[in-house]
Structure formats: structure tokens, C-alpha cells
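The values are calculated or read from the model by the stated rules, or taken from the named source; none is laboratory data. Being a predicted model, the structure only gives us computed values, none of them experimental. Don't worry about glycine lacking a Cβ; one is built from the backbone with ideal geometry, like all the others, and counts go over all protein chains shown.
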Amino acid sequence: MIAETQTAQFDSLTLDNGVTLRDITVAYETYGALNAARSNVILIEHAFTGDAHAAGIDHEGKPGWWANMIGPGKAFDTDHYFVLCANVLGGCRGTTGPSSVNPATGRPYGLTFPGITISDMVRLQKLLIDHLGIPKLLAVAGGSMGGMQVLEWAVAFPDSVEACLPIATTARHSAQQIAFNETGRQAIMGDPDFQSGDYYGGALPARGLSVARMVGHITYMSDESMREKFGRRLRDRQDFSYGMDVDFEVESYLRYRGNQFVGRFDANSYLYITKAMDYFDLASGFPSLAAALERARSRFLVISFTSDWLYPSYQSQEIVNALRSRNHDVTYCELSSNYGHDAFLVDVGEQTEIVRGFLARCVREFRSLEAVR
Amino acid sequence: MNVSEVLGRRDYAIISQLIPEGARVLDLGCGDGALLAWLKVNKRVEARGVELSRDLVQVAIARGVTVYQGDLEASLADYPDQAFDFVILSQTVQETRHPLVVLKEMLRIGRHAIVAFPNFGHWRVGLNHLLSGRAPKTGLFPFEWYDSPNIHFLTVIDFEELVAKQGWQVDRRLFLSGPSVVTALPNWRAEIAIYLFHGPA
């Protein structure tokens, strides 16, 4: 099954910072079939550097980033559910972002692109859902930054979501998380080819972007998974180089992942999206996280992973405890995995079982929008 | 369909009789969620569970039960007052670190508490101890002293005294010996005691 990326156009969106962004394109993919009642829609939220291609294979034969979770017989079973995934606002994979052409100038936005938030991303998705004529989502699911969008959905559009699945995520970025993002941003902005973000048509800030990605990759793995995957193994050599060439397997891997990233991701998108994550605090404007979540009307399945040190389990537990304090229907499990933050993408056996059971219940107990009102 | 035929536990059958249609139920130490799943289907209750074991939690979620993976004693404080009609503690009160705190919390977050516990006063336990000179080891308490999860031993009389001291009101008390209900001499004859009670008015 070849997954086709589609697009939808929207006239404007007023952002949290007050700026109105015009002529917005949203890239999205769908899998499975919409049922007659339009009650089987699952919106998948991608993580930081993901895109709309979540499942199936594209024209180049590349599988979607969550193809192990979405498809016939998978956790998000496309024989039963109509699954939708859209590239986020500020992205570089079809949805309007800093690399898009500013209609006012005819040139790419670069750093003139307005600052965005997770809430802006979600409001744009709501426009897409309305445009597609979907009255209520069966579920919104996603890991990492995807999970932040899930939480934002629960609070911003409580009646539009039957079930929320925030995975390996947080209700607010911690100092450590902001620090890692800032390190990546400084690597990019310190690259001489960055040119204040106006590098389109010239040399890309490839060094900076690849270093940013290397730091990111370290945070996605765990000490244990890195020991297992690389150990201290040397790369194609018997002895140290005693120079600055690649000695270790792990160096080679990080360089490879860094270089590969430059080809598929825009440096300005990196800056804007990491800022959106850093700004994210679900409780902002409320006396507490529990008060923010009080408005939610969804059932929740919260999942964290034992070895995830980037989004540690305590952050998921904060969400869960806030939900419990308001007597919400919340299910929580900390799954055992050695894969660190990447676990939600790669270690999906147990995740599949609990997501499947949870969704089946949400189908049985689905409350239509009419019933809610 | 009888719950004990399905779940194989007589205390579950009794507990299910105590819970009316559509009640809000929290099961502390809910295991694989079997009781809650049964109550959801047969009594249409709003079911929630707390369970520490990751493996059991996964089974419970897969069968569609709302369950929180965590320590039951640490979890209680987060629930709001009177959030549930019934809070169940089925055969785990003797495993809790602070049983009185747990019981009081149950009555804070629930209108009623249901507690089932193995009765340490049962004659076989006493006899076993008397004859062997060792910490009792019976079908009901099958563990060696050094690997037993039971850290507080209580009898029917002990529990009755606590209930009276706290001013709790017992709505129902049921005593089981194997499959049979015991009426006379429960402290001596009951293997499992089940109490439905609520706080002072």
C-alpha cells in the first residue's frame, strides 16, 4: 500500500504570539477507511522531527515512522480505524514552516517566521479535522512532542476527543529538556553557513544541524542501549588512530545520523519547533496542572518507559496524578524497556497490547458529540 | 453467570453481591483486573484499579480495565474525597505497610469500604503454630516467615475491635470457610472475612 501525502489549505491562523499567519498548507496522510458514523478516526501526532508519513510505504519505498504501530492488525488497526497524521506547523515536510515561501515577500520566511507553540500546532490540526468533516476523534495519540500535542488537544478541545494517549511525554519541559534543545540551537546558529537563517539557495548550516542531531540522538538512547549497540567497539580498525578520525563505532554512528538528518530536515524548523516544545507548559494560565486538566473529558492511556531519561516516568506520573486528583478515567503503565526515549518507536510489543485493549474499550464506550451535549 | 464460576474466587462472588448496579468502584491491588472486568460487564460499574505489578497491569489494560500502575498506599492521597461508592481491598490489607492509614483513606475517597482478609484466628493456623512451634504455615498462609508478603496478621476479633474503636459502621460482615458461609464462631472457623463498612455519620 503506497501512502500518498495530501494537502489542505487554510486562509489564516492567529498564533499565541498575536501574529496572524496567512496561506497555510497542511500536509497529511490517512490510512484505513472512515466509517459511516465518522466515529473511528484516530489522529496520530508525530514527534519533533517526524512527519505526516506515519504508516505504509511512500513512493521511495520508505516505511512510515510508526509503521510498526499503524496498519492492518497493528495496535492502531487500519482494518478498523481511520488513521490520520499531519505534519506540524513549523515543520519542513509539507506543512507551512520557516522554509515555506512567505506570500508577502515571495521569499522563504527563514527567521521572519513567527514564533509558534504546541497550542498553535493543535489549533491548526483542529482546522484540518473540521475541514475533513470529522465531528469527534476516537483518539489522539503520540509520543514525545506528539504526546504534548495530545495533552493540548485534551485541554483545548475537550469535547472533540474520546481518548487521549500521551506516550513518553511531559506536561511541561524541564530545565534539562530546554538545555538540550538550546545546545542544539546554538550548534545551528553558530554555524557560519547559518547566515541568520537566510541560507536557502546557498550552503546549508550542515555542521551545526548535524551536531544538534547528534546531541538529540544521545538523549533518545539509554546508557544500556548504547552499551549494547556500540560498547567500546572500534570502527574498521584494530588500534586507536591517535588522531581525530573516527575511532569508535558510536562516533561513526552519530556522524552518520547527523549527516543523514541534514538531508531531510530544515535547520530553521529545528529552531522553531524546539522553541515550541520549550514553551510548552500545559498548566500555564491555570493555578495547577490538575486545574488545567480538569476541563478534559477524555479517557487517558498514559505510557512511560523505564529507561527513558529524556522524558522520565516521573513526568508521566505528574500527568496521571493530576488526572486522578480530578477523578478522570486514566490508565497508566510504565513499560519495561532498555531503549530509552526511542522505546515508543522501536520497542512496541507490549505497547501494542495495551493500546489495542484500551482502544477497543474506547470504541465500546464511545460517546458521540450529540450524547456529550 | 456466577462470578466465582468465572473467576474461581469465592470472595469475588461475595464482593460482587455487595456492589449495586452502576456504582463507582475502586479496586486496590486489582491484579489482572478480572473482578473489575466482571463488574463492568455484569454490573455496569465505573471501574478503576490500582496495581503495582507491571505484568498484571498490562493484562488489565489489555482487557479494557482502567488501571493505575503504582503503589496502592502511595496512590490513595491523590484521589479526591468521596470519589467512589465502593473502595475494595481484597486480601491485601495484611500486606500494607500502614493498614490503618489505608483503611481511613479508603473511607475518605469512598462512601463504603469493602475489605477481605485471611483470618489469622482460624483454628488451623493456631493449631499449626501450637503443634509445630513455628510461625504458622497453612493453605491460607503458605509462606515461610522470611518470604511472606504478609506483614500484619489480624483476626476477626482484631478487626471488630478496630471497627468499634474507629466508630465505623459495619453494613455487612461475611465469613467464609472454603466454599461455605460460616455463621457461628467466625474467629475460629472463618478462613476469609469480608467486611462492608462506612465511616461514622
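Among the candidates A:365, A:353, which residue alone is within 13 Å of chain B (Cβ to nearest Cβ), surrounded by fewer than 20 Cβ atoms within 10 Å (Cβ to Cβ), touching a helix residue (DSSP H, G or I) at 6+ places or on another chain (Cβ under 6 Å) and farther than 18 Å from residue A:148 by Cβ?
Result: A:353 is the single residue among A:365, A:353 that is within 13 Å of chain B (Cβ to nearest Cβ), surrounded by fewer than 20 Cβ atoms within 10 Å (Cβ to Cβ), touching a helix residue (DSSP H, G or I) at 6+ places or on another chain (Cβ under 6 Å) and farther than 18 Å from residue A:148 by Cβ.
Would you mention how many residues in the range A:90-120 are within 16 Å of residue A:266 (Cβ to Cβ), within 15 Å of the chain's Cα centre (by Cα) and among the hydrophobic types (A, V, I, L, M, F, W, C)?
2
How many of the residues in the range A:209-238 are within 22 Å of the chain's Cα centre (by Cα) and either at pLDDT below 95 or not hydroxyl-bearing (Ser, Thr, Tyr) (or both)?
Residues meeting the conditions: 10.
When you look at residue B:134, is it in contact with an Asp or Glu (Cβ under 8 Å, 6 or more places away or on another chain) and without any contact (Cβ under 8 Å) to a residue 40 or more places away in the chain, yes or no?
Criteria not met by residue B:134.
Between A:332, A:270, which is away from chain B (no Cβ under 14 Å), of a type outside the set (A, V, I, L, M, F, W, C) and either in contact with a strand residue (DSSP E or B) (Cβ under 6 Å, 6 or more places away or on another chain) or assigned to a helix (DSSP H, G or I) (or both)?
Only one candidate qualifies: A:270.
Looking at the range B:109-119, can you tell me whether even one residue there is more than 17 Å from the chain's Cα centre (by Cα), at pLDDT 95 or above and in a helix (DSSP H, G or I)?
No; the residues of the range B:109-119 include none that is more than 17 Å from the chain's Cα centre (by Cα), at pLDDT 95 or above and in a helix (DSSP H, G or I).
Anything in the range B:45-59 that is under 20 Å from residue A:363 (Cβ atoms), more than 9 Å from every other protein chain (Cβ to nearest Cβ) and part of a strand (DSSP E or B)? List them, or say none.
If the condition is that a residue be under 20 Å from residue A:363 (Cβ atoms), more than 9 Å from every other protein chain (Cβ to nearest Cβ) and part of a strand (DSSP E or B), then B:47 is the only one that fits.
Being surrounded by fewer than 22 Cβ atoms within 10 Å (Cβ to Cβ), more than 9 Å from chain A (Cβ to nearest Cβ) and in a helix (DSSP H, G or I) is the filter here; which residues of the range B:60-75 pass it?
Once the filter is applied, which keeps residues that are surrounded by fewer than 22 Cβ atoms within 10 Å (Cβ to Cβ), more than 9 Å from chain A (Cβ to nearest Cβ) and in a helix (DSSP H, G or I), the range B:60-75 yields B:73, B:74.
Can you tell me which residue in the range B:1-49 is farthest from residue A:329 (Cα to Cα), limited to those that are among the β-branched types (Val, Ile, Thr) and at pLDDT 85 or above?
The residue in question is B:14.
Please state which of the following conditions residue A:345 fails to meet, knowing it meets all the rest: (1) in a helix (DSSP H, G or I); (2) modelled with pLDDT of 95 or more; (3) more than 7 Å from every other protein chain (Cβ to nearest Cβ); (4) more than 22 Å from residue A:70 (Cβ to Cβ).
If we test residue A:345 against (1) in a helix (DSSP H, G or I); (2) modelled with pLDDT of 95 or more; (3) more than 7 Å from every other protein chain (Cβ to nearest Cβ); (4) more than 22 Å from residue A:70 (Cβ to Cβ), just (4) comes out false.
Right, residue A:118: in contact (Cβ under 8 Å) with a residue 40 or more places away in the chain, within 21 Å of residue A:99 (Cβ to Cβ) and touching a helix residue (DSSP H, G or I) at 6+ places or on another chain (Cβ under 6 Å) or not?
Answer is yes for this residue.
With the requirement that a residue be in contact with a Phe, Trp or Tyr (Cβ under 6 Å, 6 or more places away or on another chain) and of a type outside the set (Val, Ile, Thr), what does the range A:213-233 give you?
Answer for the range A:213-233, where residues must be in contact with a Phe, Trp or Tyr (Cβ under 6 Å, 6 or more places away or on another chain) and of a type outside the set (Val, Ile, Thr): A:213, A:225.
Take the conditions within 22 Å of residue A:47 (Cα to Cα), polar (S, T, N, Q), surrounded by 23 or more Cβ atoms within 10 Å (Cβ to Cβ) and more than 10 Å from every other protein chain (Cβ to nearest Cβ) and apply them to residue A:304. Does it pass?
no
Test residue A:184 against the criterion of being of a type outside the set (Lys, Arg), surrounded by 16 or more Cβ atoms within 10 Å (Cβ to Cβ) and over 30 Å from residue A:328 (Cβ atoms), and give yes or no.
yes
Any residue in the range B:101-112 that is over 15 Å from residue B:166 (Cα atoms) sitting within a Cβ distance under 8 Å of a residue that is outside any helix (DSSP H, G or I) and among the basic types (Lys, Arg)? List the pairs, counting only those 6 or more apart or interchain.
none
Mind checking which residues of the range B:20-38 are touching a Lys or Arg at 6+ places or on another chain (Cβ under 6 Å) and among the aliphatic types (A, V, I, L, M)?
Scanning the range B:20-38 gives B:26, B:37.
Please state which of the following conditions residue A:257 fails to meet, knowing it meets all the rest: (1) more than 15 Å from residue A:172 (Cβ to Cβ); (2) touching a helix residue (DSSP H, G or I) at 6+ places or on another chain (Cβ under 7 Å); (3) within 14 Å of chain B (Cβ to nearest Cβ); (4) of a type outside the set (Val, Ile, Thr).
That leaves (3) as the condition not met.
Would you check if residue B:28 is on the phi < 0 side of the Ramachandran plot and within 16 Å of the chain's Cα centre (by Cα)?
Against the criterion (on the phi < 0 side of the Ramachandran plot and within 16 Å of the chain's Cα centre (by Cα)), residue B:28 qualifies.
Give A:48, A:82 a once-over and let me know the one that is out of contact with any helix residue (DSSP H, G or I) (no Cβ under 7 Å at 6 or more places or on another chain) and among the aromatic types (Phe, Trp, Tyr).
Within the list A:48, A:82, the selection yields A:82.
Only residues that are in a loop (DSSP other than H, G, I, E, B) and among the aliphatic types (A, V, I, L, M): list them for the range A:73-125, please.
Those that are in a loop (DSSP other than H, G, I, E, B) and among the aliphatic types (A, V, I, L, M): A:75, A:88, A:89, A:104, A:116.
If you check residue A:318 against the conditions, is it touching a residue at least 40 places away in the same chain (Cβ under 8 Å), surrounded by fewer than 20 Cβ atoms within 10 Å (Cβ to Cβ) and facing chain B (nearest Cβ under 10 Å)?
Judged against the criteria, residue A:318 is not a match.
Is it the case, given these coordinates, that residue B:83 is among the aliphatic types (A, V, I, L, M), closer than 19 Å to residue B:14 by Cβ and either more than 10 Å from chain A (Cβ to nearest Cβ) or in contact with a helix residue (DSSP H, G or I) (Cβ under 7 Å, 6 or more places away or on another chain) (or both)?
For residue B:83, the condition - among the aliphatic types (A, V, I, L, M), closer than 19 Å to residue B:14 by Cβ and either more than 10 Å from chain A (Cβ to nearest Cβ) or in contact with a helix residue (DSSP H, G or I) (Cβ under 7 Å, 6 or more places away or on another chain) (or both) - is not met.
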